[in-house]
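The values are calculated or read from the model by the stated rules, or taken from the named source; none is laboratory data. In this text, all values refer to a predicted model and were calculated from it rather than measured experimentally. Every residue, glycine as well, gets a Cβ built from its backbone with ideal geometry; the counts of neighbours run over all protein chains shown.
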Amino acid sequence: MAHYFTDNRNLEENRKEHSFRFSGHLYTFVTDNGVFSKTEVDRGTEILLKACVKEKLDGRVLDLGCGYGVVSVVLKTVYPWLEMTAVDINPRAVELTELNCAGSHVKCTAFVSDGFAAVDKTFSHIITNPPIRAGKKVIYGMFEDAYAHLEKHGTLLAVIRRKQGAESALRKLEEIFGNCEVISRDKGYWVLKSTRLTD
């Protein structure tokens, strides 16, 4: 089976559109076979976005595991001053992110990267709805790499369902960053925030 967190360009194309209303704005997203939550914006991402718009986001922001670009499009719309970068291991997802950013008239740099493999700069904020099915080894590796790619006082924001390992993820983030707080609990999802405190 071809997972959404792999290079699955060989899947047959079947592009479709769906709408998403957030904070008084109606967005239209193009999706396709082989991307996460292709028929609607998933609840975890929506909860993550609600938490993000309560944060004071600025500077360079990385949408890690961008899928078809929901986080990038919405945050760049809400915070037009952000320098938005989006990465995903799935080339089809990156192509859709570029398409959806163009469709919403927002500027974002999107490219294919296996985690941080092709990422060569640091960020003020890294935001992710991690691919839980990829397993803890992959996700915790992403957390460790996120620390290395954050500026001092930069933050990592991640959404995880409690029953899919939010508590153990919180402990891992505390181990990596020395801190982690739950900034939102909603419908079984936790939004975790860790801050890099050192250079």
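List of remarks:
- Number of residues in the range 37-50 that are among the aliphatic types (A, V, I, L, M) and either surrounded by fewer than 22 Cβ atoms within 10 Å (Cβ to Cβ) or in a strand (DSSP E or B) (or both) equals 1.
- Matching strands (runs of 3 or more DSSP E) fully within the range 57-152 where at least 3 residues are over 22 Å from ASN179 (Cα atoms) and in contact with a Ser or Thr (Cβ under 9 Å, 6 or more places away or on another chain): 83-88, 109-112
- Taking residues in the range 35-48 that are in contact (Cβ under 8 Å) with a residue 40 or more places away in the chain and farther than 13 Å from SER19 by Cα, and partners anywhere that are assigned to a helix (DSSP H, G or I) and of a type in the set (Gly, Ala, Ser), the pairs with Cβ atoms closer than 8 Å and at least 6 places apart or on different chains are VAL35/ALA93; PHE36/ALA93.
- Residue within the range 2-16 that is part of a loop (DSSP other than H, G, I, E, B), modelled with pLDDT of 95 or more, crowded, with 18+ Cβ neighbours inside 10 Å and not acidic (Asp, Glu) present: no
- Positions within the range 155-187 being surrounded by fewer than 20 Cβ atoms within 10 Å (Cβ to Cβ) and within 19 Å of LYS54 (Cα to Cα), in sequence order: GLU181, VAL182, ILE183, SER184, ARG185, ASP186, LYS187
- Tallying residues that are surrounded by 15 or more Cβ atoms within 10 Å (Cβ to Cβ) and either over 25 Å from SER168 (Cβ atoms) or of a type outside the set (Ser, Thr, Tyr) (or both) within the range 115-139 yields 16.
- Selection status of GLY34, closer than 19 Å to PHE111 by Cβ and either in contact with a strand residue (DSSP E or B) (Cβ under 6 Å, 6 or more places away or on another chain) or assigned to a loop (DSSP other than H, G, I, E, B) (or both): yes
- Pairs where the first residue, in the range 53-70, is surrounded by fewer than 18 Cβ atoms within 10 Å (Cβ to Cβ) and the second is outside any loop (DSSP other than H, G, I, E, B) and among the β-branched types (Val, Ile, Thr), C-beta under 6 Å, 6+ apart: VAL53/VAL78
- Any hit, the range 89-99, residues being more than 23 Å from LYS50 (Cα to Cα), touching a residue at least 24 places away in the same chain (Cβ under 8 Å), basic (Lys, Arg) and out of contact with any helix residue (DSSP H, G or I) (no Cβ under 6 Å at 6 or more places or on another chain): yes
- Counting only residues that are over 14 Å from PHE20 (Cα atoms) and in contact (Cβ under 8 Å) with a residue 40 or more places away in the chain, the range 71-85 holds 1 of them.
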